[in-house]
Amino acid sequence: MEGLDRDLLSVQEVRNLIRRATKAQQVFADFDQQKVDSICRELALAGERDAVRLAEMAVAETGFGKVEDKTTKNLLASRILLESIKDMRTIGIIEEVPEKKLIKVGVPFGVVAALIPSTNPTSTTIYKAIISLKAGNAVIMSPHPGALKSISETVRILKEVLHRCGVSEDMIGLMLTPTQEGTKELMSNSGTGIILATGGSAMVHAAYSSGNPALGVGPGNVPAFIERSADIEKAARHIVLSKTFDYGTVCASEQHVVTESCIAEKVKQALVNEDCYFLNHWEIAAMEKLLTNARGGLNAKVVGKSAMVLAEMAGITVPEGTRVLVAEQPVENVGKKYPFSWEKLCPTLGFYVVEDSHQACNHCIELLTYMGAGHTLALHTKDDALVREFALKKPVSRLVVNTPSTHGGVGATTGISPAFTLGCGSVGGSATSDNVTPLNLLNIRYVAYGICEPEELAAAPVCSSTAESCNQAAEVDVDQLTKLIMQRLQNI
């Protein structure tokens, strides 16, 4: 007898996982806030205890990033996340508004389908498990096949916590036979309540086309604008620290530096002082070739590699200790033909010189419109008025100011909620612009008492002003008013 097709095995596995998760969640739904918070605290502590070991596993398996930075990610997904959500009410009655006679009840989605990328495998698993259970949901992980071992170990640790807490281990499920067909079944199955899609654009698009509610993220193609009033040395330090963090695998990391011509040379020198290497014309061509795969997209082999390794792969000789490879580009070099205008999940940067902040504004919009709409923009300036101007005009969900974009975007160095799923809003094709928290994973049921009788509505004044002013308005002669308006128009 021939063996079962791998896709069929994966689909059946998903259906079994959903059935078990649904049953477990129905029991979990009866837990009170205190019990749920206690479980989430234990999950976070477990993630913190094994942060280093899981980071080592992830780097060894995927070849992406640095152990010390993946450890930091695991801590952000556990200890720091817990601190952010510990007082959040998500179970049962979550708010009462006496003056409006309203009661708000948290209602979980049920089963969360969680797509886990290979770039941040263990941290994303910890994060999605904690926020799902905090909101009263079960969760099923769909792992990237390239990180299955480290994700499996993370899930095993979390399941041990559930067992110790007397909770069904089926509250956290894992696809052990991950295939595209299996993941499609997980996303489209009627037993799935909501999808948390963190991964490639194709998978995020599939999540939104699944027929189930979904929260997805798009690519992050972050421009960092260094404006003339900025602390240039500090800005350069922040950008390099951010871009080298886990070798650029965080979607909120900078992809371009945009600066004004009047300070361009100072910015270049500041970046060189932080061990950046500016590529010459030939070296740019070699790097562009390396960055591009046969289909014209980003070459997966460059993801999460150090600048020194990238230089060697491209056949380029750079100074020992080089941390970031920088390619100065004409402002018109934006689009598919120009790899340095893309999201590059490795320590490489495009560098653009503009005349002033107005041109910088337009150029950042052009970069984001091409790729990364709705995600993040970094701004280095001392001009608060400019910050507000950018905030009103830029097609992003996060404008991080005077901070490393990687750390600021995920909520490590800013007041934004700590998260590894960063919504891109409607402009980026996402259902949310939030850093996703447990509050995004529950519905609100409103209990609303009557506060007036229907007869009172008919008696209410038509306009929002006083009855006296309403009567005065009604007495205005329309012909006289029209004549007055025409006279004013003729005098313009």
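The values are calculated or read from the model by the stated rules, or taken from the named source; none is laboratory data. Since this is a predicted model, take the numbers as computed values, not measurements. Note: ideal-geometry Cβ built from the backbone for every residue, glycine included; neighbour counts use all protein chains shown.
Got at least one residue in the stretch 331-340 being closer than 18 Å to V302 by Cα and assigned to a helix (DSSP H, G or I)? Yes - at least one qualifying residue is present in the stretch 331-340.
Test P319 against the stated conditions and say whether it is more than 30 Å from K86 (Cβ to Cβ), under 15 Å from the mean Cα position of the chain (by Cα), surrounded by fewer than 19 Cβ atoms within 10 Å (Cβ to Cβ) and touching a residue at least 24 places away in the same chain (Cβ under 8 Å). Reasoning before the result, please.
Values: more than 30 Å from K86 (Cβ to Cβ): yes; under 15 Å from the mean Cα position of the chain (by Cα): no; surrounded by fewer than 19 Cβ atoms within 10 Å (Cβ to Cβ): yes; touching a residue at least 24 places away in the same chain (Cβ under 8 Å): yes.
Answer is no for this residue.
Among the residues here, E283 qualifies as in contact (Cβ under 8 Å) with a residue 24 or more places away in the chain, over 14 Å from C346 (Cα atoms) and part of a helix (DSSP H, G or I).
If the condition is being assigned to a helix (DSSP H, G or I), buried (at least 20 other Cβ atoms within 10 Å of the Cβ) and of a type outside the set (A, V, I, L, M, F, W, C), then the stretch 395-450 contributes S405, T406, H407, G408, G409, G428, P438, N440. Evaluate the following for G297: is it crowded, with 22+ Cβ neighbours inside 10 Å and not aliphatic (A, V, I, L, M)? It is false that G297 is crowded, with 22+ Cβ neighbours inside 10 Å and not aliphatic (A, V, I, L, M). Apart from one condition, A202 fits all of (1) assigned by TED's automatic domain parsing to the domain that holds A138; (2) touching a residue at least 60 places away in the same chain (Cβ under 8 Å); the exception is (2). The condition of being assigned by TED's automatic domain parsing to the domain that holds V272 and touching a strand residue (DSSP E or B) at 6+ places or on another chain (Cβ under 6 Å) holds for only one of L422, L349, L386, L392, that being L349.
Considering only residues that are in a helix (DSSP H, G or I) and free of Cβ contacts under 8 Å to residues at least 40 places away in the same chain, which ones fall in the stretch 9-38? Even if it seems obvious, please write down each step before you answer.
Filtering the stretch 9-38 down to residues in a helix (DSSP H, G or I) leaves 9-28, 33-38.
Passing the criteria: Q12, N16, Q26, Q34, K35.
Being part of a strand (DSSP E or B) and either more than 17 Å from V250 (Cβ to Cβ) or over 19 Å from the mean Cα position of the chain (by Cα) (or both) is the filter here, so list the residues in the stretch 366-394 that pass it.
Step one: of the stretch 366-394, the residues part of a strand (DSSP E or B) are 374-380.
Result: L379, H380.
Counting only residues that are outside any helix (DSSP H, G or I) and either under 13 Å from G428 (Cβ atoms) or under 20 Å from the mean Cα position of the chain (by Cα) (or both), the stretch 213-241 holds 12 of them.
The set of residues in the stretch 192-217 being in contact with a strand residue (DSSP E or B) (Cβ under 6 Å, 6 or more places away or on another chain) and among the small types (G, A, S) consists of G193, A197, G199, A207, A214, G216. Taking first residues from the stretch 80-103 that are within 16 Å of N440 (Cα to Cα) and partners that are among the acidic types (D, E), the Cβ contacts under 8 Å between residues at least 6 apart in sequence or on separate chains come to K86/D37; R89/E95; I91/D32; G92/D32.
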